Amino acid sequence: MNILIFGPNGSGKGTQGAIVQKKYRTPHIETGVIFRQNISQGTELGAKAKEYIDRGELVPDDVTIPMILNRLKEDDCKDGWLLDGFPRNLTQAQAMYEAMQQENMKLDYVIEILLDRKTSKNRIMGRRLCSNDNNHPNNIYIDAIKPAEKDGKPVCRVCGGELTARDDDQDETAIDKRHNIYYDTETGTVAAINFFKAKDEINVIGVDGLPGVKEVSEVLLGKLK
Ligand code: AMP
């Protein structure tokens, strides 16, 4: 099963992605995670990506597109994948579509989580990352996934691990820039989604991201076979 998942930053895309990943047991490939791993490992790619990420801008397409298309060719992806954070603009969507056609690969689902800009922004600022597992969702502003507490300190609600906030999640200017890219209907992420919607053979599933995690996942899983 090959799946793309879209949603503005803060829409719960990562959380829902982890749930979909469990259903199909495909690798969950997140562009942002790959970049952040490279940054923490001090690689050349990480150094290049960091300056863009810190400003809330997209890492250039000539770095991102080959990185992801190569990742999808790795062994663990041969029975399917769930891709999150790519494509993020129209150019990336076109490159991905062409590459998939060349490889005779089918896109089974495109998931779009719909959420307004203001709610997305609040949710981003409350997001916390678990040091043990990126798929352990925690958010100080969402009751269903509020962190637990240990010795008066917030800890991961799933495993009790240490929590951190991403620098780019606390920077309002960077958040606004990321949302400008997402909601851009000309060349941005919404343009990429519309590109897939215009293809008859591609099944695009829209889900309202406003209800709680469980309600959203029930609707979403109900729409996937
Ligand atoms: P995310 O974790 O998805 O919010 O991504 C964090 C940051 O990584 C973004 O703000 C971008 O700077 C960069 N990034 C993630 N995905 C892409 C992509 N498909 N193209 C370019 N830059 C990306």
Inset, instruction - Spot the failing condition for ARG128; the list is (1) in contact with a Ser or Thr (Cβ under 9 Å, 6 or more places away or on another chain); (2) over 27 Å from PRO27 (Cβ atoms); (3) within 16 Å of the ligand (Cβ to nearest atom), and only one is missed. - result: (2)
Inset, instruction - Taking SER120 as meeting all but one of (1) surrounded by fewer than 20 Cβ atoms within 10 Å (Cβ to Cβ); (2) in contact (Cβ under 8 Å) with a residue 40 or more places away in the chain, write down the number of the exception. - result: (1)
Inset, instruction - State whether the residues of segment 140-161 include one that is within 17 Å of the chain's Cα centre (by Cα), within 18 Å of ASN9 (Cα to Cα) and either more than 13 Å from the ligand (Cβ to nearest atom) or part of a helix (DSSP H, G or I) (or both). - result: no
Inset, instruction - Filter segment 26-59 down to the residues that are over 13 Å from LEU83 (Cα atoms) and assigned to a loop (DSSP other than H, G, I, E, B), then identify the one that is farthest from the ligand (Cβ to nearest atom). - result: GLY42
Inset, instruction - Run ASN135 past the list (1) outside the structural domain of ASP61 (by TED's automatic domain parsing); (2) modelled with pLDDT of 95 or more; (3) not hydrophobic (A, V, I, L, M, F, W, C) and report the number of the one that doesn't hold. - result: (2)
Inset, instruction - Considering each of LYS177, LYS199 in turn, give the residue that is open to solvent by less than 80 Å² (accessible area, probe 1.4 Å), in a loop (DSSP other than H, G, I, E, B) and not hydrophobic (A, V, I, L, M, F, W, C). - result: LYS199
Inset, instruction - Filter segment 128-187 for residues that are acidic (Asp, Glu) and closer than 30 Å to THR91 by Cβ and give the result. - result: ASP167, ASP168, ASP169, ASP171, GLU172, ASP176, ASP184, GLU186
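The values are calculated or read from the model by the stated rules, or taken from the named source; none is laboratory data. Given the structure is predicted, the values throughout are model-derived calculations rather than measurements. Cβ atoms come from the backbone with ideal geometry, glycine included; neighbour counts cover every protein chain shown. Ligands, DNA and RNA are excluded from the accessible area calculation, which covers all protein heavy atoms including side chains. Shrake-Rupley method; radii C 1.70, N 1.55, O 1.52, S 1.80 Å.
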